[in-house]
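Colleague: Can you read through this structure? Questions will come right after.
The values are calculated or read from the model by the stated rules, or taken from the named source; none is laboratory data. Worth saying up front: this structure is predicted, and the values here are computed from it rather than measured. Cβ placement follows ideal geometry from the backbone for every residue including glycine, while neighbour counts extend to all protein chains displayed.
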Amino acid sequence: MEILIQQLINGIALGSIYALIALGYTMVYGIIQLINFAHGDIYMVGAFVAFFLISIFHLPFFAALIIAMLACSLLGVIIERVAYKPLRNQNRLTALITAIGVSFFLEYTMMYFVKPDPRAFPASFKLHNITIGNVVISSKDILILIISFTLMLILTYIVNRTKTGKSMRAVSFDKDAAQLMGIDVNKTISATFAIGSSLAAAAGVLVGMYYGQIDPLMGIMPGLKAFIAAVIGGIGIIPGAAFGGLILGVTEALVSGAGYSMLRDAVAFVVLILILIIKPTGILGKNIREKV
Amino acid sequence: MLKLDNINVYYGSIHALKGISIEVNQGEIVTLIGANGAGKTSILKSISGLIAPKSGEITFEGKTITGVPAQSIVKMGICHVPEGRRIFANMSVFENLELGAFLVNDKAVVKQRLEHVFQRFPRLAERKNQNAGTLSGGEQQMLAMGRALMGQPKILLLDEPSMGLAPILVQEIFEIIKEINEAGTTILVVEQNAHQALSIAQKAYVLETGKIVLSGTAEEVASSEDVKKAYLGG
């Protein structure tokens, strides 16, 4: 029983990391129907930005987190402008291949500058473990939960209540109609990339803090997993990404807890396949009926 | 007020609009009639900036608007109700209307316009919290028009407002168009339902495969033998 609860806590912490990355995937997909495979690498860049800020400039953790998020939102906007915008009216496959190219570009440029070896992410605050019975909750878990849930709440507020959020929803539903309302589609797409990338950066910093180790290829697997999470929840649907991330994280933690940690990734993909067989649009996906 | 001068539009190698010239004066209802694929929608899209004409000039209140991005054209007072309504089916009626006033930052103004739209379309007020996708076809048309009115346009471009509606609703929609016009908004309406369109318009253009084949006052066009045969059923 204790093991189960312990693994659930780990799973929720891991899942909220996946959720943060998955949100960016799903938002970008929702607005330009692009699976942005470079998204996982933005997460990696975020971790490195925070790493340098903390270890060289000795900034406190939260300052590093916020600066990393800002830096990555800028990076996301630049990537969209340079790499994806010129292809917006091309075949979707062209943009997808470009995204893979951007992904490699980020990974190997980073490797050139910081070397491929893993680096130890500086522990920037003291750890406290809370023990309840045999269940240990570390302050890292709690921090991940607080930060990721706060960010998700902020995102929900932005999407539902602000003008930027409303224009994002309008553009993702119908670009032409949105333009006829006076919405600037380019600006809206930039805003989407900025927000999505900042969430990925936050996830990267949190993972660096959690596992204490970062490297230039760290974005590949979490990027893929987050993509799965987004698809599980229903790609393009924001609550779906958060939901999918948590499901995936908890599943993986339970599989590991049962002693099959080698099978963790396989199980993640099996879950994806099962959900796609049962409900191809994802758990929260729906087929919108249009009246003509 | 609005003038199209020798507009040419191509889709790839297809010459969709061939030298279209149209004029709409302040306060008028002007209609463009023609069959499917004649180019009616392309004309409206060129005006609202959704497609860029290859040549020709569009002027609005004396200013050239060809090549101006769509969002800036909305700002000048041209609101376009697109074909098939294109409401945001994933949002509530209220949110749809709010988006219609996207460029207005003053909340009091938005509220005032909202009341105005609800007055004109009481049914939208009843359903303001309902998901727009659940509205009936007629209600969706009203929402699309209400949404455009939220932008307080000087000229309203309507693309087939009667499409897919029951005859009684078509009647109602055209009544409303007339009322909107009487309240001071100039209207350019594209229709396949020539009979209805000609009954409310002052001026009419007949479009065939990208060219204007006939124009004049609504009465002149309605009494033309060709139009009678082709669009008015005898």
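Colleague: Would a scan of the range B:136-145 turn up a residue that is touching a Gly at 6+ places or on another chain (Cβ under 8 Å), within 14 Å of chain A (Cβ to nearest Cβ), modelled with pLDDT under 95 and assigned to a helix (DSSP H, G or I)? Don't jump to the end; show me each part of the working.
Modeller: Keep residues of the range B:136-145 that are touching a Gly at 6+ places or on another chain (Cβ under 8 Å), which gives B:137.
From the residues that got through so far, the ones that are within 14 Å of chain A (Cβ to nearest Cβ) too are B:137.
Now drop any that are not modelled with pLDDT under 95, which leaves B:137.
Next, from what is left, pick out any that are assigned to a helix (DSSP H, G or I): B:137.
Yes, the conditions are met somewhere in the range B:136-145.
Colleague: Hey, another quick one. Looking at (1) touching a residue at least 12 places away in the same chain (Cβ under 8 Å); (2) part of a helix (DSSP H, G or I); (3) within 22 Å of A:Asp215 (Cβ to Cβ); (4) not charged (D, E, K, R), which is the only condition A:Phe37 fails?
Modeller: Unmet condition: (2).
Colleague: Could you list all residues from the range A:49-64 that are assigned to a helix (DSSP H, G or I), of a type outside the set (Ser, Thr, Tyr) and surrounded by fewer than 24 Cβ atoms within 10 Å (Cβ to Cβ)? Working first, answer last.
Modeller: Filtering the range A:49-64 down to residues assigned to a helix (DSSP H, G or I) leaves A:49-55, A:61-64.
Then keep just the ones that are of a type outside the set (Ser, Thr, Tyr); that gives A:49-54, A:61-64.
Hits for the range A:49-64 are A:Val49, A:Phe51, A:Phe52, A:Leu53, A:Ile54, A:Phe61, A:Phe62, A:Ala63.
Colleague: Name the one entry in B:Gly233, B:Gly164, B:Gly216 that is at positive phi and either under 14 Å from the mean Cα position of the chain (by Cα) or loosely packed, with under 14 Cβ neighbours inside 10 Å (or both).
Modeller: B:Gly233
Colleague: Kindly indicate the residue of the range A:178-220 that is touching a strand residue (DSSP E or B) at 6+ places or on another chain (Cβ under 8 Å) and part of a helix (DSSP H, G or I) and also farthest from the other protein chains (Cβ to nearest Cβ) among those meeting that condition. So that I can check it myself, show each step before the final result.
Modeller: Step one: list which residues in the range A:178-220 are touching a strand residue (DSSP E or B) at 6+ places or on another chain (Cβ under 8 Å), which gives A:180, A:204, A:207-208, A:212-215.
Next, from what is left, pick out any that are part of a helix (DSSP H, G or I): A:180, A:204, A:207-208.
On the way: A:Leu180: 5, A:Gly204: 31, A:Val207: 33, A:Gly208: 36 Å.
By that ranking, first place goes to A:Gly208.
Colleague: If I go through the range B:62-101 residue by residue, how many of them are at the interface with chain A (Cβ under 7 Å from one of its Cβ atoms), closer than 18 Å to A:Thr164 by Cβ and surrounded by 23 or more Cβ atoms within 10 Å (Cβ to Cβ)?
Modeller: The qualifying residues number 4.
Colleague: Could you tell me how many of the residues in the range A:134-177 are in a helix (DSSP H, G or I) and within 14 Å of chain B (Cβ to nearest Cβ)?
Modeller: 17
Colleague: Looking only at the range A:67-100, which residues are among the hydrophobic types (A, V, I, L, M, F, W, C) and surrounded by fewer than 17 Cβ atoms within 10 Å (Cβ to Cβ)? Can you show your working first?
Modeller: Our first condition is that a residue be among the hydrophobic types (A, V, I, L, M, F, W, C); within the range A:67-100, this holds for A:67-72, A:74-75, A:77-79, A:82-83, A:87, A:93, A:95-97, A:99-100.
Within the range A:67-100, A:Leu70, A:Leu74, A:Ile78, A:Val82, A:Leu93, A:Leu96, A:Ile97, A:Ile100 meet the criteria.
Colleague: Which of the residues spanning the range A:70-94 are touching a Leu at 6+ places or on another chain (Cβ under 8 Å) and not hydroxyl-bearing (Ser, Thr, Tyr)?
Modeller: A:Arg92
Colleague: Considering only strands (runs of 3 or more DSSP E) fully contained in the range B:1-107, which possess at least 1 residues that are out of contact with any strand residue (DSSP E or B) (no Cβ under 7 Å at 6 or more places or on another chain), over 30 Å from B:Thr134 (Cβ atoms) and not aromatic (Phe, Trp, Tyr)? Spell out how you get there, then give the answer.
Modeller: On the way: elements: B:2-11, B:14-24, B:29-34, B:55-60, B:78-81.
In the range B:1-107, the matching strands (runs of 3 or more DSSP E) lie at B:14-24.
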